[in-house]
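The values are calculated or read from the model by the stated rules, or taken from the named source; none is laboratory data. What you see is a predicted model, and the numbers here were worked out from it, not measured in a lab. Glycine also receives a Cβ, built like all others from the backbone with ideal geometry; neighbour counts cover every protein chain displayed.
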Amino acid sequence: MGLRKKELKFLIFILICIILFSTWNVYSNPELSNDDFIRFHVIANSDSDKDQQLKLKVRDGILAKINSELIQETMAQELTELQASGGLAKQEQEADEKDSGIRVSLDLDKSREYIQENIIEIEDTAERIIKENGYDYEAKAELGVKWIPKKTYGDVIFPAGNYEALNVTIGEGKGQNWWCVLFPPLCLIGAEETVEQDEIVEDIYKDILLDKKYDPLTEKRDKPATLKLKFKTLELIGE
């Protein structure tokens with residue numbers, strides 16, 4: 001009987017250790033999920049050389065637009081919220097003490113909100129570029145959750161599954177697509193910016209990538225590696 005009690009105590013001790021280790025492991029190594037990303041896809045009208053070149057011009061124009069407006073609109077929104085809450089004076093004082101400006105924070109929700117509020121303007125930007133290049137294709141911009149096959153981004157492989165994505169379709173949308181990761185802002189770092197915004201914007205984007213859960217995206221590796229994502233149920237944006 002005494003032996004069984006010792007065995008039971010030992011098993012309980014092992015169980016507690018396993019629980020503590022599992023809890024520590026979860027919090028010290030945050031897991032990425034499919035809803036930690038917003039992807040950006042530009043689908044060409046066809047696979048002809050001209051249509052593929054047009055796709056890249058549309059891509060550049062939209063990235064430039066997002067890059068020049070996202071931080072500004074986020075900053076304006078934060079200032080409005082601070083003014084309403086009475087916290088603006090305090091943040092200005094803290095900024096003065098640090099000899100720096102008021103720092104804006106950017107996250108997935110704010111990025112999503114910017115896209116939702118500017119989806120028509122993004123579509124108009126695409127159509128303007130299309131017309132400037134002598135084509136009469138229509139463009140369709142949508143933000144939603146779609147099933148996307150396995151794709152490689154740099155040395156990182158994104159497994160197939162449902163992801164939230166900004167999709168811009170040119171014309172019939174029968175050509176190959178170009179894609180990148182819009183949040184975290186991997187495809188915005190180094191994209192076209194105004195000289196005044198360059199340093200501020202780059203720092204804000206890089207701050208996001210300092211989040212440990214995004215380490216698998218930035219760590220150096222010798223060969224492509226597949227991300228281990230926890231796939232969650234995502235609702236279509238707007239439903």
Subject >> Among residues of the stretch 146-160, those that are surrounded by fewer than 18 Cβ atoms within 10 Å (Cβ to Cβ), within 16 Å of the chain's Cα centre (by Cα), assigned to a strand (DSSP E or B) and not β-branched (Val, Ile, Thr), counted >> reply: 3
Subject >> Residue match in the stretch 17-36 (condition: modelled with pLDDT of 90 or more, of a type in the set (A, V, I, L, M, F, W, C) and assigned to a loop (DSSP other than H, G, I, E, B)) >> reply: no
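Given the criterion modelled with pLDDT of 95 or more and surrounded by 15 or more Cβ atoms within 10 Å (Cβ to Cβ), identify the matching residue among Arg39, Arg128.
Numbers: Arg128 fails: surrounded by 15 or more Cβ atoms within 10 Å (Cβ to Cβ).
Checking each option against the conditions leaves just Arg39.
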